[in-house]
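Undergrad: Structure in structure tokens, see below.
The values are calculated or read from the model by the stated rules, or taken from the named source; none is laboratory data. Predicted model, so just to flag it, every value in this text is computed and none were measured. Here the Cβ positions follow ideal geometry from the backbone for every residue, glycine too, while neighbour counts run over all protein chains shown. Side chains are part of the model used for accessible areas, which takes the heavy atoms of the whole protein and leaves out ligands, DNA and RNA. Shrake-Rupley method; radii C 1.70, N 1.55, O 1.52, S 1.80 Å.
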Amino acid sequence: MPVIGIPVDLLLERVKTQPGRQELVEHLQHLGCDVEGYATMRRFACGRCGNLMEITETENPPVVCDRCGTDFKSSPEQLSAAGEKDVVRMELLAVRPDMFDPGGLARTLRNYFKETLDSPGYPSKASEYVVTVEEGLEQRPYIACAVVRNLKLDDDKIRVIMKLQENLHWALGRDRKRASIGVYDLDTLQGKQFRYTSVGPEEIEFAPLGYSAGEKWTPARVLKEHTKGTAYARLIQNHPRYPILLDEGQQVMALIPIINSESTKVSKNSTNFFIDVTGLEERIVNKTLNTIVTSMLELDPGAGLETVKIASGPNAHNTPDLTPQPAILNPKTAASRLGVPLDRDGVSECLRRMGHEVHERPDGNLDVKVPAYRNDILHEVDLIEDVAIAYGYHNIVPTLVPTLTVGAEQPLEIAAQAARASLTGLGYLEVLTLILSNEAAQYDFLGRPRQNKHVVIQLPISQDQTMVRVSLLPGLLDTLSVNTDHELPQRIFEVGNISLLDESETGASEHRRLAAAAIGPRVDFAGMRATCEALLREFGYRLETRASLDPVFLPGRGAEVWGHRGEQAVHLGLLGEIHPQWLEHYGLGHPAAAFELDFAALGSC
Amino acid sequence: MYVNELEYALLTFLEQQSGEITVGELATSLGKDQSQVSATCISRAEWVEVREEERLWLRLGKKAQPFVEGGFPERKIIEALEKLGGQGDLNAVAEKAGITAQDVGQSLRFLKSKGWAEQQAKTLILTEQGKQAIGSTGADERLLEALKSGEQESSALQDAVEGLKLLQGRTGVVEERPRTLRWVKLSEPGKAAVRQGLESRTQVNQLTQEMMISGEWRQVDFRPYDVSLASEAVYPGKEHPFVSIIQQTRKVFLELGFEETVSPYVESSFWDFDALFQPQDHPARDMQDTFYISKPEQCKLPRQEWVDEVGATHRDGGRTGSLGWRYDWNDKLIKQPVLRTHTTASSIRALAENPNPPRKVFCVGPVFRRETVDYKHLPVFHQVDGIIIDEKASFASLLGTLQAFYRKMGFQKFQFRPAFFPYTEPSVEIFVWSDRKEDWVEMGGAGVFRPEVTEPFGCKVPVLAWGLGLERLAMFRYELGSIGELYRARLNWLKETPLCR
């Protein structure tokens, strides 16, 4: 999860209640923020686009501008120090993008502190701006836009908007794939009839953000040479035409979703803004616009919102649509699901403290209006969680479910415990080895031919872990190999699962195995056979060993393990002295013997 | 007073002596082994005064034999020189003396140090001193002669000092052995004790079966041990420390009335993700975070009605009253096999198989994530997952159950913080207080299953659910530096880690 630093001064200037530093951290934690603590951030400004970048005391200054992509290694004169800022650092809570910035977070706190018990309505009027969506945009079909006027910015607030944009790209946009945002200085835009259209890779020229107005870049060049172009080319380059936003004077506003043009860029003198969000899912596009626009309005109470008409063929609609989402909540359900003593008024108050508008219905239920900037209310239960958060998890009295049920363990686990008791009684130490292994260990270094019955990992992290194990022996030999400096004899065992392909629902099943190994100057077949016999005795079996040619063992010193119970004889596994060839491979310098048994065959206890 | 037989003999013998006597003489007089007598004297330090003197003993060394039998080559050389008329060529001397030229060469330094001959170029000339030496013996020769009968103390030998000096440079001919000579006599308390009367009893080391049968144990004393001495270290075979934690975890949930369930390591995306309302573009489903499987190539799907209900829930909420995720749910992706990323897959399978309350189910087992290996992360780790399906279940009883578990695992202070998981609402993360870290440490996530998770399987009552990491409990309890220490373990660590702490 990305970490964000919320400037403490910007946050608290919008809140009447002034909590102490520790108190503020506690409130934020109760709201679900994963707070790391306070920090003093060092700031650097990009000389080319004015972007402010923050680093912690331990980080190195930025090497590339995260807005325009300027490379500060080749142009160090473009990077300048821009003072320090006191911030509270927290991990982003992906489901609450409305709390990603000081404006939105202050809004949450005002409600939580009961300073305001209504969500702000964000009144809007219709602007004269129209964006026409043209043909050929299958790769990025949806657009939503807004106009914000009279918003006074300074370097800090520009940074807040840029940072919010970046974090919304992460949380809602899935790295610009589902949604991406563009913010422009409205006063640089010509006319009011804009076009969201597509162009060929060489069809148009413009100066991308960070390059002087005279420079001419085609979309193809941007994708190839601009740092933002190479970073996001994958989102559009598989299509012959690229999405582009043009104003009425044919000025390029942005190559979408890559980069804005230099000529339309936002500066601290900008007061009027045009915002667009484009993407693959209409719901996400609209939610993203709602989030950025309302958070921008929170930065300056004097700012005003205007809607933009989106025209697509014969259809047209205005965005943003900040109509609250209606929901109904039964307060009794809420209280009983949470196990808290809240009545209807208590539930209502909790919901209001979470920013919802609440009205009581004649039937006792609550009509809830969920603010348009909330993205996470899919169901009544999401409102119930809001009630729990407002009530405070720390205020909930933990209880237990009153219903009695009868516990029952897996029969295999009972047998496993009996096996552990037997082998530890014989002086064996239990070990655990890794479940993920590789074919060399599982087959080659036991002298066994490779087989096709194992689970294969598609994209392994390392060549050591390409499959799920099919035998416990390699893990035991490996454990002995890291203990060659330890006194002899060594006796170890493992109870664990192996996996084999089969015709079950998932195509593979686990099989519980038990393996034991011993190493030392006097270790031999007879001693291991005695151990195996003792174990089988505890499971009610009489041991019979029949010659085996398994190449893991010395020829003539390997055996199949058969167990007899009455008339029945079951094949349980293998036993023998390990072939010196494999001892040598594992760097072991003494005789070793081992057995491996199938637990399911060994049966219940 | 009772003493053992040797003590009795020793003390009464010493009482007869007027002065000091060496331990050697004492042992000979008692007819006992000298080391045994010595040890007895030392153990009775309050009664026996022991005075020690360092003495040097000499005996013939390993290289002495040829010299004892044939004499030193320099003596043969001067005898030959005399026969040759007082001087001679080196080779002629060797031939005359009946020794090799090499022997002559090695003898030159002794001829010179004894002053018997001088060398001029290749000629040896007998000196006056050399002439006189013929027919007499030197101190070294007399010393060898004296030691022929065996080891002797150097102060008793006339030629010891001079002889050893002459033998310098001839290693291994005479061995010097420093020894402590002990003189003993009774102390005043010792004399008093003997005068008061001693009684002898046999002292034995080991109680034997014969003593039991004969009843002899009644007549003997058992040699007292120094009980403060260390004994040899032995170790029992035992359960792996992490298995202890797993067993303890299982025990807690069994005590709380849970039934245990299992589910396969290879799991379909349907059960690992979709059935838990995890949207198909969720980052957790990324190839970077999850182990996808190339064999088996595909999983089979469970009952079609389950697949249909889950799909509808993703698309528009289906019959659950939810808005759903509103995207194009793809029923091809759900057959993709993965190594299960959480044991919650076991929980949802258990719920689907039997959604009827009341039920409490848990599962302990390994889960797999494509993590880069470091001290805190391995691609395989263990979780305990549990669900409670109960009409009376509430978020408060979820917190209570979690608290009960961590109490039994040895923690005292808890914090519950809001969290987000796609399949639970409300969701919570549990933190425990660590005295060692002096901070809250996150232990795991929990919540109430969303209706989008439970209702497609026909479950309409609240379902409490959690998935808690177990490795971090081990890291706490055993103060591990790295999670990797649990696997490929050092046997030393396994042996030294107590079962109880």
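Undergrad: For segment A:411-602, with all protein chains present and a 1.4 Å probe, just round the carbon and sulfur fraction of the accessible area to a whole percent.
TA: Of the solvent-accessible surface of segment A:411-602, carbon and sulfur hold 51 percent.
Undergrad: Something else now. Using only the alpha carbon atoms of segment B:114-268, find the Kirkwood hydrodynamic radius as the inverse mean reciprocal pair distance, in angstroms to one decimal.
TA: After inverting the pairwise mean of 1/r, the radius is 26.9 Å.
Undergrad: Here's another thing I want to ask about it. Find the accessible area per residue for the protein assembly as shown; the probe is 1.4 Å, ligands and nucleic acids are left out, and the unit is Å².
TA: 44
Undergrad: Then there is this: Which shape class applies to segment B:92-138: rounded if a/c is under 1.5, otherwise prolate when a/b exceeds b/c and oblate if not, where a ≥ b ≥ c are the square roots of the Cα gyration tensor eigenvalues? If you can, show how the numbers build up before the last one.
TA: Values: a/c = 1.67, a/b = 1.38, b/c = 1.21.
Because a/c hits 1.5 or more and a/b exceeds b/c, segment B:92-138 counts as prolate.
Undergrad: Using a 1.4 Å probe on the protein chains only, how many percent of the accessible area of segment B:123-267 belongs to carbon and sulfur?
TA: Solvent-exposed carbon and sulfur of segment B:123-267 make up 50 percent of the total.
Undergrad: Follow-up. What average number of partner chain Cβ atoms lie no more than 10 Å from the Cβ of the residues making up B:196-208?
TA: The shielding value for this peptide is 0.
Undergrad: Non-local amide H neighbours of residue A:572 (under 5 Å, H modeled in plane, Pro and chain starts lacking H): which ones?
TA: A:561, A:562, A:563
Undergrad: Shielding of A:385-397 by partners, i.e. mean partner chain Cβ atoms within 10 Å per residue? Display every interim value, and only then the final one.
TA: Values: counts 11, 3, 2, 9, 3, 0, 1, 2, 10, 4, 0, 9, 3.
Average per residue, whole number: 4.
Undergrad: Roughly speaking, what is the centre-to-centre gap between segment B:392-412 and segment B:100-139 when only Cα atoms are used, to the nearest Å?
TA: 101
Undergrad: Can you list the HN-Hα couplings for segment A:91-108, worked out from phi with the Karplus curve (6.51, -1.76, 1.60; θ = phi - 60°), rounded to whole Hz and with x for Gly and Pro?
TA: Karplus-based 3J(HN,Hα) across segment A:91-108 equals 6, 5, 8, 3, 7, 10, x, 6, 10, 7, 9, x, x, x, 5, 5, 4, 4 Hz.
Undergrad: Give the Debye-formula value of log10 I(q)/I(0) at each listed q (0.15, 0.16, 0.22, 0.23 Å⁻¹), with one equal scatterer per alpha carbon of segment A:410-517, two decimals each.
TA: These q points yield log10 I(q)/I(0) values of -0.71, -0.80, -1.23, -1.28.
Undergrad: Output wanted: per-residue J couplings in Hz (rounded whole) for segment B:432-442, from phi through Karplus 6.51 cos²θ - 1.76 cosθ + 1.60, θ = phi - 60°, x for Gly and Pro.
TA: Going residue by residue, I get 10, 7, 10, 5, 5, 8, 6, 7, 7, 10, 6 Hz, with x marking Gly and Pro.
Undergrad: How compact is segment A:124-319 by the rule of thumb for globular proteins, expressed as Cα Rg over 2.2 N^0.38 Å?
TA: Rg over 2.2 N^0.38 Å, computed on Cα atoms: 0.94.
Undergrad: If you keep only loop residues by DSSP, which trypsin sites (Lys or Arg not before Pro) in segment A:55-95 have at most 16 other Cβ atoms within 10 Å of their Cβ?
TA: A:73
Undergrad: Mind putting a number on the dipole of segment A:124-319 about its Cα centre? Charges go on the C-beta only, +1 for Lys and Arg and -1 for Asp and Glu, and I need it in Debye to the nearest 20.
TA: That gives a dipole near 480 debye.
Undergrad: List the residues of segment A:488-518 that lose 40 Å² or more of accessible area once all protein chains are present, compared with their chain alone (1.4 Å probe, heavy atoms only, no ligands or nucleic acids).
TA: The answer is A:505, A:506, A:510 - residues whose exposure falls by at least 40 Å² when every protein chain is included.
Undergrad: Could the peptides B:490-496, B:281-287 be put in order, highest first, of the mean number of other beta-carbon atoms found within 10 Å of their residues?
TA: B:490-496, B:281-287
Undergrad: What is the Cα coordinate range of chain A on the first, second and third principal axes, sorted by size from largest, in whole angstrom?
TA: Answer, in whole Å and largest first: 94, 64, 52 Å.
Undergrad: Taking the Cα centre of the protein assembly as shown as the origin, how large is its charge dipole in debye, to the nearest 20, when only Lys and Arg (+1) and Asp and Glu (-1) carry charge on their Cβ atoms?
TA: On the way: 124 positive and 153 negative charges, 95 e Å.
Using only the charged Cβ atoms, the result is roughly 460 debye.
Undergrad: Also, I was wondering about something else. Ordered by residue, what ³J(HN,Hα) values in Hz, to whole numbers, does segment A:176-191 give under the Karplus form 6.51 cos²θ - 1.76 cosθ + 1.60, where θ = phi - 60° and Gly and Pro are x?
TA: 6, 6, 7, 7, 9, 10, x, 10, 10, 7, 4, 6, 8, 8, 9, x
Undergrad: Additional query: Which listed residue (B:39, A:278, A:208) has the Cα farthest towards the positive end of the charge dipole for the protein assembly as shown, taking +1 on Lys and Arg C-beta and -1 on Asp and Glu C-beta about the Cα centre?
TA: With unit charges placed on the Cβ atoms, the residue in question is B:39.
Undergrad: Please list, short to long, the whole-number percent of alpha-carbon pairs of segment B:159-239 in consecutive 5 angstrom bins beginning at zero.
TA: P(r) for segment B:159-239, in whole percents per bin: 3, 8, 8, 7, 9, 11, 10, 9, 8, 11, 9, 6, 2, 1, 0.
Undergrad: Antiparallel as a % of all DSSP beta bridges within segment A:326-394, to the nearest 5?
TA: 100
Undergrad: OK, next. Quick one: which residues, 5+ away or cross-chain, put their amide H under 5 Å from the amide H of residue B:324? H built at 1.01 Å from N.
TA: Result for residue B:324 returns B:317.
Undergrad: Mind scanning A:332/B:332; A:453/B:332; A:16/A:265; A:216/A:287; A:16/A:369 and naming the pairs with a C-alpha gap bigger than 31 Å?
TA: A:332/B:332; A:16/A:265; A:216/A:287
Undergrad: For segment B:428-501, take every pair of Cα atoms, bin their distances at 10 Å starting from 0, and report each bin as a whole percent.
TA: The distribution over segment B:428-501 is 15, 33, 24, 17, 10, 1, given as percents.
Undergrad: What does the convex hull of the Cα atoms of segment A:1-156 come to per residue, in Å³, rounded to a whole number?
TA: Considering the Cα atoms of segment A:1-156, their hull volume per residue is 183 Å³.
Undergrad: Among A:289, A:359, A:564, whose Cα lies farthest out toward the positive end of the dipole of the protein assembly as shown, if unit charges sit on the beta carbon of Lys, Arg (+1) and Asp, Glu (-1)?
TA: After comparing all options, I get A:564.
Undergrad: Over all distinct alpha-carbon pairs, what is the Kirkwood Rh of segment A:3-94 in angstrom? Numbers along the way, then the final one.
TA: Numbers: mean 1/r = 0.0686 Å⁻¹.
Taking the inverse mean of 1/r over all distinct Cα pairs, segment A:3-94 comes out at 14.6 Å.
Undergrad: Segment A:448-466: which residues show an accessible-area loss of 50 Å² or more, assembly versus chain alone, 1.4 Å probe?
TA: Those residues are A:456, A:458, A:459, A:461.
Undergrad: Can you give the alpha-carbon Rg of the protein assembly as shown over 2.2 N^0.38 Å, where N counts its residues?
TA: So the Cα radius of gyration is 1.44 times the expected 2.2 N^0.38 Å.
Undergrad: Rounded, prolate or oblate: which fits segment A:326-394 when a ≥ b ≥ c are the square roots of the eigenvalues of the alpha-carbon gyration tensor, with rounded for a/c under 1.5 and prolate only if a/b beats b/c?
TA: oblate
Undergrad: To the nearest 10 degrees, how steeply does helix A:21-30 sit against the main Cα axis of chain A, on a 0 to 90 scale?
TA: With rounding to tens, the tilt is 70 degrees.
Undergrad: Chains A and B: how much accessible area gets covered up at their contact, both sides added, probe 1.4 Å, in Å² to the nearest hundred?
TA: It comes to approximately 7700 Å² buried between A and B.
Undergrad: Among A:163/A:228; B:251/B:376; B:392/B:460; A:163/B:376; B:96/B:122, which pairs are too far apart, with a Cα-Cα distance over 20 Å?
TA: Violating the 20 Å limit, Cα to Cα: B:251/B:376; A:163/B:376.
Undergrad: So, one more: Please report the antiparallel percentage of the DSSP beta bridges confined to chain B, to the nearest 5.
TA: Close to 90 percent.
Undergrad: Rounding to the nearest 10 and keeping the result within 0 to 90°, find how far the Cα-based axis of helix A:380-391 lies from the longest principal axis of chain A.
TA: Relative to chain A, helix A:380-391 is tipped by roughly 80 degrees.
Undergrad: Something else now. For chain B, find the longest principal axis of its Cα atoms and tell me its angle to the long axis of helix B:344-353, 0 to 90°, nearest 10.
TA: 50
Undergrad: Classify segment A:451-605 from the C-alpha gyration tensor, please: rounded if a/c falls under 1.5, else prolate or oblate depending on whether a/b exceeds b/c.
TA: It is oblate, given that a/c is not under 1.5 and a/b is not larger than b/c.
Undergrad: With only alpha-carbon atoms counted, please give the Rg and Dmax of segment A:253-293, in Å.
TA: Every Cα atom of segment A:253-293 included, Rg and Dmax give 11.8, 34 Å.
Undergrad: Over chain A, what is the relative contact order in whole percent, taking alpha-carbon pairs under 8 Å and six or more residues apart? Don't skip to the end; give the middle numbers.
TA: Values: 1208 pairs, mean separation 68.0, N = 605.
Reported as a whole number, the value is 11 percent.
Undergrad: Continuing with this model, one more query. Show me the ranking of peptides B:433-446, B:77-90, A:342-355 by mean Cβ neighbours inside 10 Å, starting with the highest.
TA: A:342-355, B:77-90, B:433-446
Undergrad: From other protein chains only, count the Cβ atoms within 10 Å of every residue's Cβ in B:252-260, then give the mean.
TA: Per-residue shielding by partner chains comes out at 4.
Undergrad: So, one more: At 222 nm, what value in deg cm²/dmol follows for chain A if DSSP H runs of at least 4 each add -39500 (n - 2.57) and the sum is divided by all its residues, to the nearest 500?
TA: Computed ellipticity for chain A at 222 nm equals -7500 deg cm²/dmol.
Undergrad: Let me ask another. Near residue B:32, which lysines are there with a Cα under 19 Å away, not counting those fewer than 8 places off in the same chain?
TA: Candidates past the 8-residue exclusion: B:185.
Undergrad: In terms of the ratio Rg/(2.2 N^0.38 Å) built on C-alpha atoms, what value belongs to chain B?
TA: Ratio of Rg to 2.2 N^0.38 Å for chain B: 1.98.
Undergrad: Which one of B:80, B:97, B:129 has its Cα pushed farthest toward the positive end of the charge dipole of segment B:68-129, where Lys and Arg give +1 and Asp and Glu give -1 at the Cβ?
TA: Towards the positive end, the residue furthest out is B:129.
Undergrad: Given a 1.4 Å probe and every protein chain left where it sits, what share in percent of the accessible area of segment A:326-394 is carbon and sulfur? The partial results should precede the final answer.
TA: Values: 1160 of 2500 Å².
Its accessible area is 47 percent carbon and sulfur atoms.
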